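So the structure is just underneath, and the comments pick up after that.
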Amino acid sequence: MSSDRKGPLSGIRVVELAGLAPGPFGCMVLADLGAEVVLVDRPGGTGLNGPLQRNRRIVTLDLKSEEGRADLLRLAEKADVLIEGYRPGVAERLGFGPEELFKINPRLVYGRMTGFGQHGPLAGAAGHDIDYLAIAGALEPLGRPGQPPHAPINLLADFAGGGMLLAVGVLSALLERERSGEGQVVDAAMVDGSALLMTFLHGMMAGGMWRGGRGENLLDGGAPFYDTYPASDGGYLAVGALEPQFYAALLTGLELDGDDLPDQMDRKRWPELRQIFTERFASRSRDEWAEVFAKVDACVAPVLSPAEAPDHPHNQARHTFVEVDGLRQPAPAPRFGRTPASAPSAPETTSVTDVLAAWV
């Protein structure tokens with residue numbers, strides 16, 4: 001399966017040491033784009049079996065045994081990339097840290113996916129997405145006024161600031177290797193990535209454009225024209241009518257006269273404006289409003305569930321979702337004009353011998 005994958009990363013060989021969420025997501029991105037990813041699972045498995053493991057060949061090795069380590073070194077010697085998500089120092093203690101592997105493969109890109117990074121006071125500490133967001137300053141702004149901070153499931157640290165940043169780092173190191181001929185360590189920490197995602201907000205704060213508390217600003221639900229509203233059937237509409245022309249179109253779709261409303265940017269009267277919008281959206285169902293705003297360019301969209309999203313006409317037209325072994329899931333992204341990626345496929349079990357035979 002993996003040896004004949006197509007895409008811009010076709011021919012890149014990746015060894016992935018089994019882990020949770022962020023590392024598998026980063027490796028899924030690489031595999032989606034054509035890399036040949038071999039997942040080294042532990043005896044008994046990780047208990048994971050789903051879209052994050054697609055496009056892989058899976059081998060089982062006991063990395064605490066001499067035989068398992070020897071097989072891993074054989075794979076690493078032929079690989080372009082190795083990804084691990086252990087706490088700092090664990091790979092070194094097991095005998096396959098970067099210095100050891102660089103001796104047998106100096107061109108290897110060694111990707112390390114952790115929460116707090118390879119050094120610092122918290123480097124060895126346990127944590128999850130919500131903890132990394134907290135330390136990065138990315139959790140405190142999220143939520144409603146007067147309410148505790150609220151994490152948006154585990155999207156930001158695990159996947160955006162973790163696995164995706166890992167993939168970017170690996171690709172950058174591979175590109176640099178074309179010039180230097182040498183591999184290097186990529187230290188991808190979810191705290192670093194989460195902080196990086198906040199760059200825009202730091203700029204807004206410095207420019208005086210983020211002055212309120214949690215849920216009181218332009219882009220965090222504080223503005224009545226950038227928020228979600230319940231419809232009569234319990235569904236929701238997402239409203240992002242920031243610019244004047246989109247705000248005017250919003251009022252048109254809602255059949256409201258702007259002359260009778262508070263000024264859009266009058267923060268003191270935002271609660272009044274929100275109440276008007278709330279009552280108006282509650283007068284029709286979600287899909288009725290979606291039909292209205294399909295004809296009005298007002299940055300208003302129906303809030304779809306994960307189960308509904310694949311059936312939206314736009315997603316269907318772009319094939320944004322695919323089906324693998326009967327399971328609908330997001331398709332690879334982005335798209336490439338000259339080197340399109342292969343359709344995703346389910347993981348398959350193989351052996352180190354078979355992998356190395358293909359990696360001649």
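The values are calculated or read from the model by the stated rules, or taken from the named source; none is laboratory data. Only a predicted model underlies this, so the values are computations on that prediction, with no experimental measurement involved. Neighbour counts run over all protein chains shown; Cβ positions are idealised from the backbone, glycine included.
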Strands (runs of 3 or more DSSP E) fully within segment 227-330 counting 3 or more residues that are free of Cβ contacts under 8 Å to residues at least 24 places away in the same chain:
321-324
Note on segment 1-18: residues buried (at least 20 other Cβ atoms within 10 Å of the Cβ) and either out of contact with any strand residue (DSSP E or B) (no Cβ under 8 Å at 6 or more places or on another chain) or assigned to a loop (DSSP other than H, G, I, E, B) (or both) are 5, 7, 9, 12, 18
Can you confirm whether segment 108-122 contains a residue that is surrounded by fewer than 17 Cβ atoms within 10 Å (Cβ to Cβ) and outside any loop (DSSP other than H, G, I, E, B)?
no
For the condition in the same structural domain as residue 13 (by TED's automatic domain parsing) and in a strand (DSSP E or B), what is the one hit in 82, 156?
82
If we ask which residues in segment 76-99 are out of contact with any Lys or Arg (no Cβ under 6 Å at 6 or more places or on another chain) and more than 17 Å from residue 187 (Cβ to Cβ), their number turns out to be 5
Please pick out the residue among 347, 340 that is buried (at least 17 other Cβ atoms within 10 Å of the Cβ) and not hydrophobic (A, V, I, L, M, F, W, C).
347
Please work out if residue 173 is touching a strand residue (DSSP E or B) at 6+ places or on another chain (Cβ under 7 Å), part of a helix (DSSP H, G or I), in contact (Cβ under 8 Å) with a residue 12 or more places away in the chain and of a type in the set (Gly, Ala, Ser).
yes
What pairs can you find where one residue is in segment 130-152 and without any contact (Cβ under 8 Å) to a residue 40 or more places away in the chain, the other is buried (at least 19 other Cβ atoms within 10 Å of the Cβ) and part of a helix (DSSP H, G or I), and their Cβ atoms are less than 7 Å apart, with a gap of 6+ or different chains?
139/133; 151/129; 151/133
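When only residues in segment 27-79 that are in a strand (DSSP E or B) and of a type in the set (Asp, Glu) count, which is surrounded by the most Cβ atoms within 10 Å (Cβ to Cβ)? Steps first, please.
Restricting attention to segment 27-79, the residues satisfying the condition of being in a strand (DSSP E or B) are 36-41, 56-60.
Checking the rest, the ones that are also of a type in the set (Asp, Glu) come to 36, 41.
Numbers: 36: 26, 41: 19.
Taking the candidates together, the pick is 36.
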Is it the case that residue 196 is in contact with a Leu (Cβ under 6 Å, 6 or more places away or on another chain) and without any contact (Cβ under 8 Å) to a residue 40 or more places away in the chain?
no
Surrounded by fewer than 16 Cβ atoms within 10 Å (Cβ to Cβ) and more than 20 Å from residue 110 (Cβ to Cβ) - does that describe any residue in segment 180-189?
no
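Which is under 31 Å from the mean Cα position of the chain (by Cα) and either surrounded by fewer than 11 Cβ atoms within 10 Å (Cβ to Cβ) or under 25 Å from residue 219 (Cα atoms) (or both), of 331, 317, 248?
On the way: 331 fails: either surrounded by fewer than 11 Cβ atoms within 10 Å (Cβ to Cβ) or under 25 Å from residue 219 (Cα atoms) (or both); 248 fails: under 31 Å from the mean Cα position of the chain (by Cα).
317 is the lone residue from the list that is under 31 Å from the mean Cα position of the chain (by Cα) and either surrounded by fewer than 11 Cβ atoms within 10 Å (Cβ to Cβ) or under 25 Å from residue 219 (Cα atoms) (or both).
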